[in-house]
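Presented below is the structure to which this report refers.
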Amino acid sequence: MTPRQGAGAHAFAALRGLARGALGLVYPPTCAGCGGATADSGALCPACWSGMRLIEAPLCPRYGTPFALDLGIGPLLSPRAIADPPVFGRARAVALYDEVARGLVHRLKYEDRLDLAGAMARMMLGSGRELVAEADCVVAVPLHRWRLWRRRFNQAALLARPIARAAGLPFEARALARIRATRSQVGLSRAGRAENLQGAFRVPDTQRARLQGRRVLLVDDVTTTGATANAAARALLRGGAASVDLLTFALVGDPSG
Ligand SMILES: O=P(O)(O)OC[C@H]1O[C@@H](O)[C@H](O)[C@@H]1O
């Protein structure tokens, strides 16, 4: 950087700081979880932060589900990963889908709090660092065009973009298409969720060359049964991807049905 560019960057940073300060006077920073006061915008207040059930090792290397005990005998697969291995390689999530994580996902998805995506993506980068380090590109679970038109944004893409940017990976916005308008997964049993998603995704012919042999990091907001991620991973692998890992913000620990 030349001295002139350096001075420009400093001036820009100072202006940005001033603008943030002025904005903070009008809109004081609030907690992304409960809306209470915080020091920084996009941060969680101490109560929400300590209320979030962050997922940490020991965990199942395939599903990323946490184990209650560390038996100290290396990475063990969960009984589910043995009985019902997923189509994707490995899954990781920031937190269990309890009150705080659910609140964040709901505000982002149903209350148009798009400003939360950056903070959530930063947490996902931390929890998924192993997967991010081994990925060649980032793909978001797509919405069908009708749902996208109704919601006006895809929450998975809002999370995937900053993850790709921070990791220096390409975000492949068109690599995967949702070709069937499926009903919402909410309220369906495990079998119903898998059935609902059958054949729902496809890699468009025009995108196959871009995916060929690449390790995909698939991003979504929540994993419940894994049916959505499995259907998306199946389509990506058929479309030429070498592997698919899954990174979500939250994981439903014990999906009913
Ligand atoms: O397919 P499973 O994992 O059961 O459910 C998770 C999906 O259900 C949707 O609400 C989420 O946005 C995610 O795409």
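What part of the accessible area of the chain, given as a whole %, is carbon or sulfur when the probe is 1.4 angstrom?
That fraction is 56 percent.
Angle check, please: helix 155-167 long axis (alpha carbons) against the longest principal axis of the chain (alpha carbons), in degrees 0 to 90, nearest 10.
Here the helix axis deviates by roughly 70 degrees.
If a cysteine in the chain has no other Cys Cβ under 4.7 Å from its own Cβ, put it on the list, ordered by number.
Lacking a cysteine Cβ partner under 4.7 Å: CYS34, CYS48, CYS60, CYS137.
When the Cα centres of region 201-257 and region 82-160 are compared, how far apart do they sit, in Å?
11
Under 19 Å from a label point 7 Å along Cα→Cβ of CYS34: give me every residue in region 77-99 with its amide N that close.
Of the residues in region 77-99, 96-99 have backbone N under 19 Å from the label point off CYS34.
Would you kindly give the portion of the calculated P(r) for region 188-246 that falls above 14 Å, as a percent of all Cα pairs? Kindly include the intermediate steps, with their values, before the conclusion.
Working: 923 of 1711 pairs.
Counting every Cα pair in region 188-246, those more than 14 Å apart make up 54 percent.
Please tell me the relative contact order of region 101-219 in percent, rounded to the nearest whole number, where contacts are Cα pairs under 8 Å and at least six residues apart.
32
What distance in nm separates the simple spin-label points at ALA133 and LEU76, each placed 7 Å from Cα in the Cβ direction?
Computed distance between label sites ALA133 and LEU76 equals 2.5 nm.
Taking amide H positions as placed in the peptide plane 1.01 Å from N, state which residues far from CYS45 in sequence (5 or more) or on other chains have amide H under 5 Å from it.
ALA32, GLY33, CYS34
Given the Cα-Cα distance of ALA181 and ALA166 and 0.36 nm per residue of separation, how much length would full extension add, in nm?
In short, 2.2 nm is gained.
Answer rounded, prolate or oblate for region 77-178, using the Cα gyration tensor with square roots of eigenvalues a ≥ b ≥ c: rounded when a/c is under 1.5, else prolate when a/b is larger than b/c, else oblate.
Verdict is rounded for region 77-178.
Would you kindly derive the ³J(HN,Hα) couplings of region 88-104 from the backbone phi angles with the Karplus curve 6.51 cos²θ - 1.76 cosθ + 1.60 (θ = phi - 60°), listing them in order in whole Hz, with x for Gly and Pro?
Couplings: 6, x, 9, 10, 9, 9, 6, 8, 6, 7, 10, 3, 5, 5, 4, x, 5 Hz.
Taking the solvent-accessible surface of protein heavy atoms with a 1.4 Å probe, what is the per residue accessible area of region 136-250 in Å²?
46
What are the ³J(HN,Hα) couplings of region 192-205, residue after residue, when phi is run through the Karplus curve with 6.51, -1.76, 1.60 and θ = phi - 60°? Round to Hz, x for glycine and proline.
Going residue by residue, I get x, 5, 5, 5, 4, 9, 4, x, 7, 10, 7, 8, x, 3 Hz, with x marking Gly and Pro.
Label region 51-251 by shape, choosing from rounded, prolate and oblate, from the square roots a ≥ b ≥ c of the eigenvalues of the Cα gyration tensor; if a/c is under 1.5 it is rounded, and otherwise prolate applies when a/b is larger than b/c, oblate when it is not.
Verdict is rounded for region 51-251.
In whole Hz and in residue order, list the ³J(HN,Hα) couplings for region 208-222 that follow from phi through the Karplus curve 6.51 cos²θ - 1.76 cosθ + 1.60, θ = phi - 60°; x for Gly and Pro.
For region 208-222, the Karplus-derived couplings read 4, 4, 5, 8, 3, x, 9, 8, 9, 9, 8, 10, 9, 7, 9 Hz, x marking Gly and Pro.
Determine the dipole magnitude for region 167-253: charges of +1 sit on the beta-carbon of Lys and Arg, -1 on that of Asp and Glu, nothing else is charged, the reference point is the Cα centre, and the result goes in debye to the nearest 20.
Computed about the Cα centre, the dipole is about 280 debye.
The values are calculated or read from the model by the stated rules, or taken from the named source; none is laboratory data. Not measured: the values here are computed from a predicted model. Note that each Cβ is placed from the backbone with ideal geometry, even for glycine, and that neighbours are counted across all protein chains shown. What goes into the accessible areas is simple: the full protein's heavy atoms, side chains included, and nothing from ligands, DNA or RNA. Shrake-Rupley method; radii C 1.70, N 1.55, O 1.52, S 1.80 Å.
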